[in-house]
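**Student:** If you scroll down you'll find the structure; I have some questions about it.
The values are calculated or read from the model by the stated rules, or taken from the named source; none is laboratory data. On a predicted model such as this, the values are computed, not experimentally measured, just so you know. Backbone-built Cβ (ideal geometry, glycine too); neighbour counts: all protein chains shown. For accessibility, only protein heavy atoms count, side chains too; no ligands or nucleic acids. Shrake-Rupley method; radii C 1.70, N 1.55, O 1.52, S 1.80 Å.
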Amino acid sequence: MLFGKKNDPDPDRFWKEYEEKIQEKVLAKSLGRYISGWSEYKEPLWGLLIATTGGFRFHHFPHEGWLIALTRITTGGEPPKEKTIFISREKITSVDLHVEKRWWKKLLTPSLPLLELHYTGLDGGDAVLVVETEAKAQDVFSALQPYNS
């Protein structure tokens, strides 16, 4: 890298390309960690929480350190793959954002806000997707409210 030259991708270009790829407008975004509620994924995953005109998206971009990559290449393993979750706006029944407000509890047991997305599952029953979020999740929460559709 040359001094003063950025190798980082342009965030505006990334989001423009992302919108073109999914054919939806991104309304709000935040960083978060998937906890539970999607049968395909059992382990926690870090990724982007994205509210779009079409619904809610969670997008995990895989990362592989050089040592793991070297081990995988020598053993013939598969590279990690992107993992996504999409819940259409029509399937979302409610969204709750739980933020700890008691100062003493935040001090004793620091916790991230939890976003709970209630939706109609594939079997027609009620399901709940739970993700830990950062403070900016309020924007995602607001964009997913039923009265904003």
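**Student:** Quick one: which residue in Gly65, Gly76 is at pLDDT below 90 and open to solvent by less than 40 Å² (accessible area, probe 1.4 Å)?
**Tutor:** Result: Gly65 is the single residue among Gly65, Gly76 that is at pLDDT below 90 and open to solvent by less than 40 Å² (accessible area, probe 1.4 Å).
**Student:** May I pose another question? Going by the conditions given, is Gly47 within 25 Å of Gln145 (Cβ to Cβ), surrounded by 10 or more Cβ atoms within 10 Å (Cβ to Cβ) and at pLDDT below 95?
**Tutor:** Considered against the rule, which asks whether it is within 25 Å of Gln145 (Cβ to Cβ), surrounded by 10 or more Cβ atoms within 10 Å (Cβ to Cβ) and at pLDDT below 95, Gly47 comes out as yes.
**Student:** If the Cβ limit is 8 Å and pairs must be 6+ apart or interchain, which residue in the stretch 88-110 that is among the charged types (D, E, K, R) and part of a strand (DSSP E or B) pairs with which residue that is surrounded by 11 or more Cβ atoms within 10 Å (Cβ to Cβ) and at pLDDT below 65?
**Tutor:** none
**Student:** Are any of the residues in the stretch 14-27 buried (at least 17 other Cβ atoms within 10 Å of the Cβ), at pLDDT 90 or above and part of a strand (DSSP E or B)?
**Tutor:** yes
**Student:** Name the pairs whose Cβ atoms lie under 8 Å apart, with the first residue in the stretch 114-129 and buried (at least 16 other Cβ atoms within 10 Å of the Cβ), the second in a loop (DSSP other than H, G, I, E, B) and small (Gly, Ala, Ser), and 6 or more positions between them or separate chains?
**Tutor:** Qualifying pairs under 8 Å: Leu117/Gly37; Ala127/Gly37; Ala127/Gly121; Leu129/Gly37.
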